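The values are calculated or read from the model by the stated rules, or taken from the named source; none is laboratory data. Worth saying up front: this structure is predicted, and the values here are computed from it rather than measured. Here Cβ is always computed from backbone atoms with ideal geometry, including for glycine, and neighbour counts include all displayed protein chains.
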């Protein structure tokens, strides 16, 4: 099951018990951390995210509210004797920032840390379960969104039909992959008589920080859930534009044009104590909008 | 009034709702931040520390649990339109670490930030209210403690005596500084007939991270309050030694030898859920021991 748990939904300055950006995307027991603002490791404890399950961390850009918690988390992994390899993806200067802080502290991590510099549009992870891509957003500095696409699952056997047609056990995996069966007499038993279609792979798109940017749409098209920042309400469109951020309505317009299933709004400015108005404004354009609330897991 | 408010009392990994090291020393409305572990700005909000009053920040050493919250705090000051000059004192590589992170984020602070590299034993601040010194501790990497000494206050006028002796108003400030008054007839009216002694300036010593180290004692001698780390209980003396940390009993021995008024223990290892035993062990050697508890202000 693909899901996303929100650890921080605020913009730059923490406020009203809202924290800087961080999310955990989970897929069948694997955890992918997306951005890591200051205090992320504390939020992970608060919401019982198992640190040991994190194998990949994606940093969208190098504004502090998206990565100042990273070096502390990497340190803690080591102090907690994390053994798994850890892969960090982010803009290239991140490597030097991390390494410098490790060096002055005379820290040697107890696990293998692999840093992957991201640039442009690329496939970052591609394994049997998931494909993870990055794409550029339009922000004040180099910034990337990420798309998590669950791989198509195997087809499901129709057990009665499989038995009736005397398909040998060793051919079951091939059936799941879609192969027809040919009997020794040369008779073709077509796969669709023996299996049902696999459930469609789900897709989650994280649009990071960005101004209103239709160039992003092809990358996130058809996602089941889109997270889009909404730093401001729509009466501050000018400010959003000037600061390379978006408004509630702009986020909704992107979700609508991308034919998303559901929109999650986050990265709220610290000037807002109450968030209801974000929902009202966004739902007027894209009804299936929700606030990305800290501590809540959203099924994709 | 000199006081210290604890924002974080835990060692490296946050645990049991205890946070990495940070304290605020307050003196007559001025705030001095001592160390700044990850999440310090959130702890400041939690305990209603007014960020705008902070003018000086002291970083003892470059292990992350003592400074990973600094760059986020410096950023937030700017986003909150802090106008006052800010002075940061710490080991020299800190400057480059901060500057690099500001540079990649394309951040220009809205206030003047002055970085002061510390080394050896030195007077860092000396004004009419306070003298602040650093001294080296004995840790795995370069590390400093800090001593805050309240300047001696002016003597207090004995108003009846002042009036009776017809001391002119313009001479009151000189009286407070200790001067005798000489009448036009050449008669000396001695200061001690006209004033009472100023209250003694109080002293707070922050011993940062350190192994048991008697060389520190001359620096903290006679402090009204000493903060000393106690990462471990005394049965883990060997581990403390190996990791350049101290135990409850070692902290108490230092406080006793330094003739401190009171000892505050902090920097507890994440392995300890309960802290009572730290008190028991330390008080057996130095009775006036307390735990440095988060959110609590201790008068010096």
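Brief remarks on what is shown
- Tallying residues that are touching a helix residue (DSSP H, G or I) at 6+ places or on another chain (Cβ under 7 Å) and either part of a loop (DSSP other than H, G, I, E, B) or under 13 Å from residue B:132 (Cβ atoms) (or both) within region B:211-224 yields 2.
- Pairing each residue of region A:288-300 that is at positive phi with any residue that is surrounded by fewer than 18 Cβ atoms within 10 Å (Cβ to Cβ) and assigned to a loop (DSSP other than H, G, I, E, B), provided the two are 6+ apart or on different chains, yields C-beta distances under 7 Å for A:295/A:47.
- Test: residue A:294 is touching a strand residue (DSSP E or B) at 6+ places or on another chain (Cβ under 7 Å) and surrounded by 19 or more Cβ atoms within 10 Å (Cβ to Cβ): yes
- Checking every residue in region A:46-59 against the condition of being facing another protein chain (nearest Cβ under 10 Å) and closer than 17 Å to residue B:68 by Cα gives zero matches.
- Within region A:240-260, the set of residues being in a helix (DSSP H, G or I) and under 17 Å from residue A:221 (Cα atoms) comprises A:250, A:251, A:252, A:253, A:254, A:255, A:256, A:257.
- Of the residues making up region A:162-190, those that are surrounded by 10 or more Cβ atoms within 10 Å (Cβ to Cβ) and assigned to a helix (DSSP H, G or I) number 10.
- Taking the criterion of being over 15 Å from the mean Cα position of the chain (by Cα) and part of a strand (DSSP E or B), the residues of region A:261-300 that qualify are A:268, A:289, A:290, A:291.
- Residue in region A:96-115 that is closer than 25 Å to residue A:215 by Cβ and away from chain B (no Cβ under 14 Å) present: no
- For region B:1-32, residues that are part of a strand (DSSP E or B) and either within 13 Å of another protein chain (Cβ to nearest Cβ) or in contact (Cβ under 8 Å) with a residue 60 or more places away in the chain (or both) total 18.
Each row is one residue, and each column tells you yes or no for (1) more than 24 Å from residue B:106 (Cβ to Cβ); (2) in contact (Cβ under 8 Å) with a residue 60 or more places away in the chain; (3) not assigned by TED's automatic domain parsing to the domain that holds residue A:138.
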position	(1), (2), (3)
A:180	yes, no, yes
A:188	yes, no, yes
A:206	no, yes, no
A:221	yes, no, no
A:230	no, no, no
A:239	no, no, no
A:242	no, no, no
A:248	yes, no, no
A:252	yes, no, no
